[in-house]
Structures are given as C-alpha cells and as structure tokens.
Amino acid sequence: MKINTDKFKEDLKKILPDIEVLGEYKTMKTKIKLKCSVKDCNHEWFSTPDNLLRRMKYGCPECAKKELNNTWKNNIRIWLKKNRNDLILIGSLRKYEDKTKWRCAKPECSFEWEANFKSIRGAGSGCPKCGIEKVRESKILPEEEFKKWLYNERPLIKLLSYKSQSNKATFQCLNNDCDTKGGKIWETIPEVLRLQNRGLSGCNHCGWKKSSREKRISEKAIRQWMEENKPKIIMGKDYENTKKHTSFTCKVCNYKWKTSINVFRTNDAGCPNCSGNPPVTKERFLERLSEVSKNSIRLIGKWNGNSQKSLFKCLKCSNEWKAQPARLTSSSPTGCPSCVETGFNRNLPSWIYLMEREIDQQFGITNDLVQRIKFHEREGWKLIDKFGPSSGEYILEKESKLKIWLKEEIGFDLKGKEENWLKNKFKVKNLNSLFEFAKIEKLYEKKLISLNNVNQGSNSLTRQSLNCRNEEYPFEWKLLPKTKLEAWENNEKKFFDGKRCRQGHLAPRFVSGPCTECIKLNQLKINARVKETRARKIIDAKKFKECPECKKVFLITPEMRKDKTFCSKICAGAESKRSYVKNNPELVKEQKKKSRLKKSKLSIS
C-alpha cells in the first residue's frame, strides 16, 4: 500500500503519540519536519520517517538527552550510596567534570566544599577538613617517643615542657661547659631541634660554638691552598679568619691590597692591578681629584670608598655637598653644583625635550638625549617632544628665555632639575605650543642648517672611519646604527661607531651596556667556572654505576653525560641490535650472505 502524509501520521501516532508532523511526507528516506508536544519541550527538528517508525523509545532528541541525563544522575546517586557513605551530594550534577557542592557525612564536621564527581570516584578524594586532621594526627609525635629520641640523640638536653612537635617546648642545657650557670633554659620547636646537626653539644649556644670550631679552617691549610692555587700572590702575616681582610702582594706587579681570603676561594679572583681594575684608594683618588678640578675641590668628609658618597667643599664658592667620588674623577666630571651654570657642555650638539607624568610636566636640555631620558623614565616621566641635535648656545638661549617667561609671567621658580609644573595650572602638547604660549620664536629648521651640517659631518666622519676599517670587522656590523641616539630612536639594542671600548675591543656596543665582546668573554669565564665546579663535585662524589647490559661497574667522570646509563656504545646498542634481528630475520640472513660473499671474493683475490 502506498504511504501518504495522512497514513504516516496515523502510523506515527500509534508508536510516538507525543510527536507532531509539520511537513509533507515524500519518501521513507526523505527528512520531514517534526515537533515535540511534550510540556516544557516543544522542540522542532528534522528526521526521516524510516527512523521514527522503527519504534524508537524517544523520538524527540531533547527528551532522549534529558532521560539519559536523569539515568546517569540516578546511577551516580546509587554508586554514592554503595561506595561513599562519608559524603552527601547537595549540589546539582550537570557534567561528569563540572564541580558541584558536597557535604561531609560526619555530624561533628559537616564541612561543605566544591569538587567534581571525577575526583570523588577516580581519585577517591573526600572531605578536605577531615583530610587535614588525619595528616595532622599522623604527624603528631607523642611526648614519650620524643623523650626517647632526645635521650638517645641529645643526652645533654633536658625536656621541661612539651605540647607537640610543632609547638614551642622548653628545654634545659645539661652541658658542664655551658656559659649559663645551672644550664641555659630556652624555648624552641622540637621539630627544629631534630633537624639541627648539633649532636651532643647541649643548647643552641654550645652547639653553634662547637660547629664553628669544627668548620674553622686553620691558617696553615689556607696558606697551603694559596701556594697551590694562587702561586703569584703572597699572603700577608696579618691573617685572623676567613671573613676579615688580610693583606696580599702580587709577585708580578708588586701591587699591595687588602681583601678576605674568601674572594680567592669562592670567586676565583686574582690581582686587581694585573686585571686592569684596581680598587681606587683614598691617596689615588686625591691625586686624580687635584688633576681634574685643578685643586678647586677638597675632600672634607670621611672616605667611604669610590662609590659611596662623601662630603666635599669647593674652594671657589665655599659650597659643601655630598657626591660619589667616582663622579668627580670620571671622564665627564660633574664638579661643584653651584659653580656649574648649565650642567652640560655648550660647545657640543644639544637637545631640548618635553616630558610629562600623571600630574606634572617639565622641559630640559642635555648633550646625551638617550641617557637623560632613561634617567627620567626611572621616576615615571614619558617623552612628549624633542628637538635636536642643535648648537649648545642656541639651545641654552631658548631655555633661559623659557625660564624667564615661566618665572615672570606664570610665577614658577625653576631651579636645576626642578624644571616641572602642575598640569592643572599649565599644560602644553609639544615644544612648539610651549614657545607659542611664551611668545618666543619657534624652533625652525632654518636655524639648524649649519648645525645639521655639523651633525651630518660627524655622521659622515663616522661612516668614513667605518669604511676605512672594512677589513677589520664583518659586513653585518655596517648595517647596524652608527650612533647610540640612532639606535635608541629605531628601538635597536646595538650600534657600531667604529670605536674601541675601554678594554680595547672593536665590536658592536649595546645602547645600555658594554660591548658584545666584553659580555662574551665574561660569559666564557662564568661557563668555565661552572664547568670546573661541576667537575670537582663529580670527582669528589666518586659515584659508581652498574651497566644494565654487561653488569660491569664503572666510575662516573666529568666528561660523561648526566644521563649516562651504559658503560660503552656497544652495550648501549645491544638491545636495539637484538630487536632488529628478532623483527627482521630475513633481512639479517641476506646481509649475512652478502658479507660472506664479500669475504670469499677478498680471499680469492
């Protein structure tokens, strides 16, 4: 009998009465639109009449999912009743891996937490509060057991009061040589006492004394170590201990200095004068200061070192200030802050810049724009606008006009580095708008024609020097920026100007750091030091391993890898050879035949 839409609806109503047919029937394999008439469902979908007439339990896919989910949840609840009576499910289950709420079944606990059923069934997790209590109870050390341990391991210590191994207890020292009469009484955690390696030495004071005596190295052993490891350095007679400074003399250059012995033993140091970095002494600094300042600056405070601030006095203006000695004798010395008018060299190319923070703005001038901006960035300043390089005289003239205008018209008194003002009183977007407010001639390019030529000339000189040295460095260096400013503006890390660094290396330099060759040599020294310490540890350990193939015991040496397991390459490849023969028997036979034929031909010839 041919099936039409009405016939299909009658047959479907007998099997699935809750499904309503919305489309027209065509064939048994052509999908038709359907709708579920169950309350709170009303789902619409497409399916073939053939699938629906097979007496499916749930025709609607959404109803089938709900029923399957309910079955899954009932199965979980049945499993929980049989296997986990220690907890109660109080939340709603959505997915196998979704977290839900649980409650501890113990009435004295009743702790609630969130976890997924996967961890409850798979990992066997339970109440975290009860778990912490179990761990705590398992780690509790009874007083009787601790007394037994104390009697066997620390017989010179008496226990006066005890709660647990994690709470402070009271002890008394029974050592006759103790500094406190009648034995020192102190409080500490028993577990800490068990972890300390003071042996039978009584209280902590006695223990530290004993351990320090045992670890103290004799003077004879240290002198012997210096003769073996540092034969070019003579140790003085004023040695006291490893921490205090001792005098040393270099046999090569006769340089004398003081330092602790640990500098040689831990850092592998040598003569500072031979290495080119001798420490600056007070006498050496005063000689250099008189040369640089032409006897116009005097040290009047205590000498604390070349990098620690000391008090100085200017003989010209009688000004006293604190500064680092290294700044007064460097290649670009700072000098007296009162005598120096501008703080920069007006004979060199200069820049004027504008910066801002959250609440204030400032402007300034400098000879080194990169270093100056980095200095301000530490204090939270951001660069808005800059102009340069230009003549120092021209930039200084513009700055002085701006200061006069800000002081007279706006009422700001700007001094030195305090060239800043609040945004709520006065705010500008760039340098041109600042000069426009001040009614000062703007920074036009016309003023920089001759100065740009100077700047271009310096760059051309740099390029000429680089072109002259093409044989001395790789071609890749020529592609790098030629100056520090050019590298900073292009966000490059390195530049190459054709000049040698302080150590005499001709190599690219970092914008904030030394040259690449200095870093490379320093890293090689560190690598060699690490390699040497690793080799010493391996040699001192004297560790042996047993080869799993031939059962031969061999000593681990520094040349071997950390994960070395077999004694030789033959043993390492034995397992793979056996597996190859086992998996490819026919290939092995052919290879053996070929090798026998080769041997026979060689013997005949």
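Every read-out reported here was derived from the displayed coordinates using simple, explicitly stated rules and does not represent laboratory data. All of these numbers come straight from a predicted model, not from anything done at the bench. Every residue, glycine as well, gets a Cβ built from its backbone with ideal geometry; the counts of neighbours run over all protein chains shown.
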Inset, instruction - Starting from the amide H of T48, placed 1.01 Å from N in the peptide plane, find each other amide H under 5 Å away whose residue is 5 or more places distant or on another chain. - result: I32
Legend entry - Base-10 log of normalised Debye intensity for the range 84-136 (one unit scatterer per alpha-carbon) at q = 0.17 Å⁻¹: -0.49
Legend entry - Bins of 10 Å, starting at 0 and running to the largest distance - Cα pair percent for the range 219-275: 25, 64, 11
Inset, instruction - Would you kindly work out the equivalent ellipsoid of the chain from its C-alpha gyration tensor and give its semi-axes, the square roots of five times the eigenvalues, largest first in whole Å? - result: 70, 52, 40
Legend entry - Distance histogram in 5 Å bins (all Cα pairs of the range 504-548, percent per bin): 5, 18, 14, 13, 12, 9, 9, 7, 6, 4, 3
Inset, instruction - For the range 89-152 and the range 539-583, compute the distance between their C-alpha centroids and round to whole Å. - result: 45 Å
Inset, instruction - Using 0.36 nm per residue of separation minus the Cα-Cα distance, give me the extension gain between Q371 and S166 in nm, one decimal. - result: 68.3 nm
Legend entry - Distance between the range 365-399 and the range 315-330 - C-alpha centres, whole angstrom: 24 Å
Inset, instruction - Find the eigenvalues of the gyration tensor of the Cα atoms of the range 1-65, then list the square roots of 5 times those eigenvalues as equivalent ellipsoid semi-axes, largest first, in whole angstrom. - result: 19, 11, 11
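Equivalent ellipsoid semi-axes for the range 248-348, as square roots of 5 times the alpha carbon gyration tensor eigenvalues: give them largest first, rounded to whole Å. Mind showing how you got there, number by number?
Values: eigenvalues 210, 43, 30 Å².
Here the semi-axes work out to 32, 15, 12 Å.
When a footprinting reagent is the concern and you count Cβ atoms within 10 Å, what order do W381, W321 take, fewest first? All intermediate terms of the calculation are to be shown ahead of the outcome.
Working: W381 19, W321 14.
Sorted ascending by nearby Cβ count, the order is W321, W381.
Rounded to the nearest 0.05, what FRET efficiency do R136 and R84 give with R0 = 25 Å and r taken as the Cβ-Cβ distance? Could you check?
0.65
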